[in-house]
Amino acid sequence: MLAAGLVLAMVATGAPLDPREPGPQSVVYRVDTVVSAPAERIYGLITDFSGYERWNPWVVKAAGGTSPGDEVKVDVMLGSIKMAAKHTVLNGVPGQRFCWKDAGWNAWFVYAQRCRTLTSQPDGTVLLSNEILVDGVLSGGADLVIGRALKDGMQAENAALKRVAESG
């Protein structure tokens, strides 16, 4: 019975490694930043996990693979608290988009995913969109508890990524 429900849930929501689209219970945070650097350079920084500790003030440590289904372990700063987290890579399109979802204990209670999308602009710049989707019956509670820290972290990461991408 449980297995049948899981299969039905997978069919209803698409392949398990496709990013989820927002629904009625979703909370979405988004930070957009224009970067004067090639999309390939920005994507390279996003997927070079070992380099995070040199430039990223939010995800201060990361290790893992970049292929769909790979696990990525991170240390993330939520305000002044450092927290270990585990993610599963959803998908990536080099130079365009990289997504992962939470895979730690909290994923049993609330679904969360993060996609960083790169859109080349006519003037040669790149629009970096950093988006977190939190979904499920506890998404509102998650927003109240860590929403501000998520938004602040995304802002700090985008600013640092812009600085590093434009300097190289």
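Quick one: which residue in Gly51, Gly92 is over 15 Å from Ala160 (Cβ atoms) and either outside any strand (DSSP E or B) or modelled with pLDDT under 95 (or both)? Steps first, answer last, please.
Working: Gly51 fails: over 15 Å from Ala160 (Cβ atoms).
So the residue among Gly51, Gly92 that is over 15 Å from Ala160 (Cβ atoms) and either outside any strand (DSSP E or B) or modelled with pLDDT under 95 (or both) is Gly92.
Residue-by-condition table, conditions (1) basic (Lys, Arg); (2) under 16 Å from the mean Cα position of the chain (by Cα):
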site: Gln113; (1), (2): no, yes
site: Arg116; (1), (2): yes, yes
site: Val126; (1), (2): no, no
site: Glu131; (1), (2): no, yes
site: Gly147; (1), (2): no, yes
site: Gly153; (1), (2): no, yes
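Given (1) crowded, with 16+ Cβ neighbours inside 10 Å; (2) modelled with pLDDT of 95 or more; (3) hydroxyl-bearing (Ser, Thr, Tyr), where does Tyr111 come up short, assuming only one miss?
Every listed condition holds for Tyr111 apart from (2).
Please verify whether Val93 is surrounded by 17 or more Cβ atoms within 10 Å (Cβ to Cβ), within 20 Å of Ile42 (Cβ to Cβ) and among the β-branched types (Val, Ile, Thr), treating the condition exactly as stated.
The answer is no for Val93.
Which residues, taken from the range 129-147, are part of a helix (DSSP H, G or I) and either touching a Lys or Arg at 6+ places or on another chain (Cβ under 7 Å) or in contact (Cβ under 8 Å) with a residue 40 or more places away in the chain (or both)?
Ser139, Gly140, Ala142, Asp143, Ile146, Gly147
Considering each of Leu118, Leu127 in turn, give the residue that is modelled with pLDDT of 95 or more, within 21 Å of Gln155 (Cα to Cα), crowded, with 20+ Cβ neighbours inside 10 Å and of a type in the set (A, V, I, L, M). Walk me through how you get there before you give the answer.
Numbers: Leu127 fails: crowded, with 20+ Cβ neighbours inside 10 Å.
After ruling out the rest, the residue left standing is Leu118.
Go through (1) in contact with a helix residue (DSSP H, G or I) (Cβ under 9 Å, 6 or more places away or on another chain); (2) farther than 23 Å from Pro94 by Cβ; (3) in contact (Cβ under 8 Å) with a residue 60 or more places away in the chain for Val60 and report which single condition fails.
(3)
List every residue pair whose Cβ atoms lie under 8 Å apart, where the two residues are 6 or more positions apart in sequence or sit on different chains, the first residue falls within the range 95-107 and is farther than 14 Å from Ile132 by Cα and touching a residue at least 24 places away in the same chain (Cβ under 8 Å), and the second residue, located anywhere, is charged (D, E, K, R) and part of a strand (DSSP E or B).
Hits for this filter: Ala103/Glu71; Ala103/Lys86.
I want to confirm something. Restricting to the range 66-89 and keeping residues that are of a type in the set (Ser, Thr, Tyr) and loosely packed, with under 15 Cβ neighbours inside 10 Å, which single residue is modelled with the highest pLDDT? So that I can check it myself, show each step before the final result.
Our first condition is that a residue be of a type in the set (Ser, Thr, Tyr); within the range 66-89, this holds for 66-67, 80, 88.
With the extra rule that they be loosely packed, with under 15 Cβ neighbours inside 10 Å, the set shrinks to 67, 80.
On the way: Ser67: 94, Ser80: 90.
That would be Ser67.
Any residue that is in contact with a strand residue (DSSP E or B) (Cβ under 6 Å, 6 or more places away or on another chain), in a strand (DSSP E or B) and not hydroxyl-bearing (Ser, Thr, Tyr) - is there at least one of those in the range 152-159?
The answer is no; no qualifying residue exists.
Collect the residues in the range 54-77 that are in a strand (DSSP E or B) and of a type outside the set (Gly, Ala, Ser), keeping them in residue-number order.
Matches in the range 54-77: Val59, Val60, Lys61, Glu71, Val72, Lys73, Val74, Asp75, Val76, Met77.
The values are calculated or read from the model by the stated rules, or taken from the named source; none is laboratory data. Because the structure is predicted, anything quoted here is derived from the model rather than measured. When we count neighbours, we look across all protein chains shown, and the Cβ atoms used for this are built from the backbone with ideal geometry, even at glycine.
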